[in-house]
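The block underneath contains the structure these notes are about, expressed in structure tokens.
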Amino acid sequence: MTKPAEAQALPDPSGGDHKGHRERLRRRFRDAPGALPDYELLEMLLGIAIPQRDVKPLAKALIRRFGSFADVVTAEVEDLRAVDGIGDVAATALKVVREAAIRLARAPILNTVVISNWDTLLDYCRTAMATLPMEQFRLLFLDRKNALIADEVQQTGTVDHTPLYPREVVRRALALHASAVIMVHNHPSGDPKPSKADIDMTRVVRDALAAVDIQLYDHVVVGRKGHASFKAMGLL
């Protein structure tokens, strides 16, 4: 059976009462946005994407399926669409929220000396990567003054492995005329402790960059339980 393109195509079983509920919810949000639980914040977002229908049950279903608001907006589009009632419009709206959060977190570090704004950089990395369901490698390229000149996702892998090719890291660093690189990747398990494979791969990349006089400033692993810095741990 073909799934409906979007939940608003279905009849509204609430009899229209959800309109008053939405207005009350909007007032509560305006008065105290931080007081809303995850499912109600999600309900407000879905109400914009699916205006003709009571979306509270759908918001609760998403929270049950994925765990939290952050988990919902970082879920893969295919997984979101597997939830009955989520079509292209709603899935896109959820992904827009994630991208907006990433850009807001990145703004304070653009064209700044990231070494002097390390906590802000870590906040950005956690926002962008900590709740991702798959491993991802992000490379931050710095100029001679340690200002961020490029922020690029290099590879996306599986739940516990992401291939990173040292030659590609070196090639991109040279193309950008970078003087230093910060490697960042996430552990979907939540534990940021580097694995032996992480350590071995980092040293290979460090040596490849050093051969062309580019510094590997740090490798940061992020997860739900925090972060781990190779430099702080004495692994570089």
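Taking label positions 7 Å along the Cα-Cβ direction at both residue 35 and residue 177, the computed distance is 5.5 nm, reported to one decimal.
Angle of helix 88-106 to the longest C-alpha principal axis of the chain, folded into 0 to 90 degrees and rounded to 10: 40°. Here r is the Cβ-Cβ distance between residue 211 and residue 78 and R0 is 30 Å; the resulting FRET efficiency, rounded to 0.05, is 0.15. In this calculation the C-beta distance from residue 48 to residue 115 is compared with R0 = 35 Å, giving a FRET efficiency of 0.30.
Taken as Cα centroids, segment 194-236 and segment 40-80 sit 36 Å apart, rounded to the nearest whole angstrom. Computed from the alpha carbon atoms alone, the convex hull of segment 16-102 holds 87 Å³ per residue. Which links in 60/95; 95/193; 95/145; 145/193 stretch past 24 Å when you go from one Cα to the other? Exceeds cut-off: 95/193; 95/145; 145/193.
For the chain, DSSP calls about 70 percent of its internal beta bridges antiparallel. At the listed q of 0.12 Å⁻¹, the Debye profile of segment 112-229, built from one uniform point per Cα, gives log10 I(q)/I(0) equal to -0.38. With a Förster radius of 25 Å applied to the C-beta separation of residue 195 and residue 102, the computed FRET efficiency comes to 0.45. A convex hull fitted to the Cα coordinates of the chain yields 141 cubic angstrom per residue.
Read the figures in this text as sums done on the coordinates, not as results from a lab. None of these values were measured; they are calculated from a predicted model. Neighbour counts are summed over all protein chains in view; Cβ atoms, including those assigned to glycine, are modelled from backbone coordinates with ideal geometry.
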